[in-house]
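Contents: one structure, followed by commentary.
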Amino acid sequence: MDLTVQIPDDLARSMSASGGDLTRRALEALALEEFKNGHITKPELRRLLGFGTRYRLDGFLKAHDVYEDYTMEDFERDRDA
């Protein structure tokens, strides 16, 4: 699906001046919000953003101050697996 967002030219120039690909930034912001709201899973977020590894996704989440609740039960389950 293609999604078009209309942004006034002057605002688009201003937003682009801060660096980075505005299209990519918009995708990341939307995807991150959907993940935080529980609308998509971590594997879906990884696929949407095109990250080849879980490690890269974890770095992205950390950079955006998104941390998972990781309990002792989670740790023990991961350890046993």
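Regarding segment 70-79, can at least one residue be identified that is within 10 Å of the chain's Cα centre (by Cα) and open to solvent by 60 Å² or more (accessible area, probe 1.4 Å)?
Scanning segment 70-79 turns up no residue that is within 10 Å of the chain's Cα centre (by Cα) and open to solvent by 60 Å² or more (accessible area, probe 1.4 Å).
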Scan segment 17-53 for residues that are among the basic types (Lys, Arg) and within 24 Å of Gln6 (Cα to Cα) and report the count. 2
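Just to be sure, is Glu28 modelled with pLDDT of 90 or more, touching a His at 6+ places or on another chain (Cβ under 9 Å) and surrounded by 13 or more Cβ atoms within 10 Å (Cβ to Cβ)?
Working: modelled with pLDDT of 90 or more: yes; touching a His at 6+ places or on another chain (Cβ under 9 Å): yes; surrounded by 13 or more Cβ atoms within 10 Å (Cβ to Cβ): yes.
Spelling it out, Glu28 is indeed modelled with pLDDT of 90 or more, touching a His at 6+ places or on another chain (Cβ under 9 Å) and surrounded by 13 or more Cβ atoms within 10 Å (Cβ to Cβ).
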Of all residues in segment 1-17, count the ones that are open to solvent by less than 90 Å² (accessible area, probe 1.4 Å) and either outside any helix (DSSP H, G or I) or within 15 Å of Leu49 (Cβ to Cβ) (or both). 2
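Can you pull out the residues in segment 52-69 that are exposed (fewer than 10 other Cβ atoms within 10 Å of the Cβ) and part of a helix (DSSP H, G or I)?
Filtering segment 52-69 for residues exposed (fewer than 10 other Cβ atoms within 10 Å of the Cβ) gives 52-53, 55, 63, 65, 67-69.
Result: Tyr55, Ala63.
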Suppose we filter segment 31-51 for residues that are basic (Lys, Arg), free of Cβ contacts under 8 Å to residues at least 24 places away in the same chain and either open to solvent by 90 Å² or more (accessible area, probe 1.4 Å) or in a loop (DSSP other than H, G, I, E, B) (or both); how many remain? 1
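The values are calculated or read from the model by the stated rules, or taken from the named source; none is laboratory data. All of these numbers come straight from a predicted model, not from anything done at the bench. In this analysis, Cβ positions are derived from the backbone assuming ideal geometry, glycine residues included, and neighbour counts consider all displayed protein chains. The protein model used for the area step is the full one, side chains on, heavy atoms only, and it has no ligands, DNA or RNA in it. Shrake-Rupley method; radii C 1.70, N 1.55, O 1.52, S 1.80 Å.
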